[in-house]
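Novice: Sharing a structure below in structure tokens format, with a few things to ask.
The values are calculated or read from the model by the stated rules, or taken from the named source; none is laboratory data. It should be emphasised that the depicted structure is a prediction, and the values quoted were computed from it without experimental measurement. Virtual Cβ from ideal backbone geometry, glycine too; neighbours counted across all protein chains shown. In case anyone asks, the SASA skips ligands and DNA or RNA and just uses the protein heavy atoms, side chains included. Shrake-Rupley method; radii C 1.70, N 1.55, O 1.52, S 1.80 Å.
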Amino acid sequence: MIRAVLWDFGGVLTTSPFDAFNRFEAERGFPPDFIRSINATNPEHNAWARLESNAISLAEFDTAFEAESSAAGFAIPGRHVIELLSGDLRPAMVDVLVRCKQQFKVACLTNNVRSGQGPGMARSDERAQRIQQVMDLFDLVLESSKEGIRKPNPAFYLRACERLEIQPEEAVFLDDLGINLKPAKALGMTTIKVSGEAQAIAELGKVLQIDFND
């Protein structure tokens, strides 16, 4: 029986930062998905992984990411990547979160960095306030930058379950990255890969046996 709904933040409750990456790449003549390819290379120990685990500073990331991207053919300072991270809230997903909170425990499991304001890494006071209103809905917010570990480390998911006082099989987890869903599924969680707002809401409705269109 499902007792908790676990949410990734960026790309699930907000628009995907990958869209911003692609716009940035197109504007500067870089290959599509170049930034993602850098972040996917040596994913446990690259600059991005170390930043999300709070193992390096923003200044160190700026230099390290530029070195990694330069070695791959196009030099991009890490600070430019950080500026692209903060997406726009998806109102329909937030409405579903509110509905879920009425019946289930809800938690946010986010890989983030210590940049901007709050877990959503907002770049303005107004946006930070809107995101904080959403964060206040959660029973638990687990941030990689504070925990020192990150998805897809299984310990990250188990830590969330421990704090929510649930078993993994009692949770459904939504994320836009398959690499983050695989270990959650292996632990026994029901998983939903978010490729779009309507698709995710429909799949979650089936899992929870709730018609979110009511």
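Novice: Check A107 against each of (1) modelled with pLDDT of 95 or more; (2) more than 24 Å from L208 (Cβ to Cβ); (3) small (G, A, S) and name the one condition it does not meet.
Specialist: Single failed check for A107: (2).
Novice: Another question, then. Please enumerate the residues belonging to segment 40-52 that are of a type in the set (G, A, S) and open to solvent by less than 30 Å² (accessible area, probe 1.4 Å).
Specialist: Matches in segment 40-52: A47, A49.
Novice: Within segment 21-38, how many residues turn out to be under 17 Å from the mean Cα position of the chain (by Cα) and surrounded by 19 or more Cβ atoms within 10 Å (Cβ to Cβ)?
Specialist: Residues that pass the stated criteria total 2.
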